[in-house]
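The values are calculated or read from the model by the stated rules, or taken from the named source; none is laboratory data. Fair warning: this is a prediction, and the values are worked out from it, not measured in the lab. Heads up, the Cβs are rebuilt from the backbone with ideal geometry, glycines too, and the neighbour counts pull from every protein chain shown. Only protein heavy atoms, including side chains, enter the accessible area calculation; ligands, DNA and RNA are left aside. Shrake-Rupley method; radii C 1.70, N 1.55, O 1.52, S 1.80 Å.
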Amino acid sequence: MDVLLARILKYLNGALFYDDSYKFCTYLVDHYLEMETMTKERILRETGISEENMDDFVSRLGCSFQWEDFHKTFMEHHYTRLDQIRGRMLGLKTSDMVKAMEKDISDQEMLDCLSMLCEQMEKHRRIVLVGALYPMSIAVEFQTDLITFGKNVVQFHNYDPTLTFTEEDMLIFISATGRAMKGFLNFRGDLSPERATSLLITQNPVYMRPEHKISDYILRLPGRYDGVNFNYQLMQIFDLLRIQYYQQYYLGNA
């Protein structure tokens with residue numbers, strides 16, 4: 001059975017409406033590590049959602065609508081997920097994984113890049129993922145692990161009227177050609193994306209050139225707009241990022 005966080009992300013990542021369920025899910029992701037002392041009254045007060053809608057959504061997650069039951073299950077699943085992560089991370093070395101991956105730079109350059117990107121993720125309060133449906137689905141395990149570590153990681157939803165970007169945000173654009181990021185910057189300037197720190201994961205070498213730079217950081221993967229190959233590369237990159245983040249930041253703070 002999926003842990004509660006996985007069920008919440010299934011709804012949140014696929015949501016089509018800005019409603020009380022969406023507000024409830026985004027609030028839990030944003031305050032994930034505060035859930036141990038969280039109260040139902042605080043959630044209702046700070047989100048403005050109705051108690052009836054919250055109880056209904058909690059019941060659809062597979063819990064009793066009683067807050068105590070949901071809260072107990074949530075915390076049990078949190079520690080279960082942490083145990084799963086610890087078990088998976090035992091013996092893993094990013095250096096070995098980097099050595100085996102396809103890349104255009106040296107092993108050490110890739111390791112330095114991963115460390116620097118994790119430093120940026122730790123520095124920013126929220127991480128927003130922007131991309132097409134399939135790349136976003138590949139990023140779910142990365143998203144779930146980082147939320148478990150206490151980072152607010154969400155997928156971009158066009159219909160969220162409250163969404164705007166600040167210096168506390170890190171935007172991760174996933175686009176083999178880079179066109180998705182370029183289009184986003186052109187058409188969603190109202191959200192102030194220039195205020196956020198941005199990372200572009202792409203196969204397009206054009207954006208490596210200073211005159212075509214559109215992001216603060218770029219992770220250029222080998223290949224040329226091969227969707228299948230790009231998706232396999234994304235699996236490796238997101239695995240490397242979550243493993244590196246766990247070892248670089250979470251283990252030291254646990």
Across the stretch 1-57, which residue is modelled with the highest pLDDT among those that are touching a Gly at 6+ places or on another chain (Cβ under 9 Å) and more than 20 Å from V153 (Cβ to Cβ)? D20
Cβ-Cβ under 6 Å, sequence separation 6+ or interchain: first residue in the stretch 71-90 and over 21 Å from L61 (Cβ atoms), partner hydroxyl-bearing (S, T, Y). Which pairs? M89/Y246
Would you check if A176 is surrounded by 14 or more Cβ atoms within 10 Å (Cβ to Cβ), touching a helix residue (DSSP H, G or I) at 6+ places or on another chain (Cβ under 6 Å) and free of Cβ contacts under 8 Å to residues at least 60 places away in the same chain? yes
Checked the stretch 28-59 for anything assigned to a helix (DSSP H, G or I), open to solvent by 50 Å² or more (accessible area, probe 1.4 Å) and of a type in the set (V, I, T); matches are T37
Search result, residues across the stretch 195-214 that are part of a loop (DSSP other than H, G, I, E, B) and under 17 Å from the mean Cα position of the chain (by Cα): A196
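Filter the stretch 215-254 for residues that are hydrophobic (A, V, I, L, M, F, W, C), buried (at least 16 other Cβ atoms within 10 Å of the Cβ) and part of a loop (DSSP other than H, G, I, E, B) and give the result.
Initial filter on the stretch 215-254 (hydrophobic (A, V, I, L, M, F, W, C)): 218-219, 221, 228, 230, 234-235, 237-238, 240-241, 243, 251, 254.
In the following step, the residues that additionally are buried (at least 16 other Cβ atoms within 10 Å of the Cβ) were identified as 218-219, 221, 230, 234, 237-238, 240-241, 243.
L221 - this is the single residue of the stretch 215-254 that is hydrophobic (A, V, I, L, M, F, W, C), buried (at least 16 other Cβ atoms within 10 Å of the Cβ) and part of a loop (DSSP other than H, G, I, E, B).
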Given the structure, is L163 open to solvent by 10 Å² or more (accessible area, probe 1.4 Å), of a type outside the set (D, E, K, R) and more than 15 Å from S215 (Cβ to Cβ)? yes
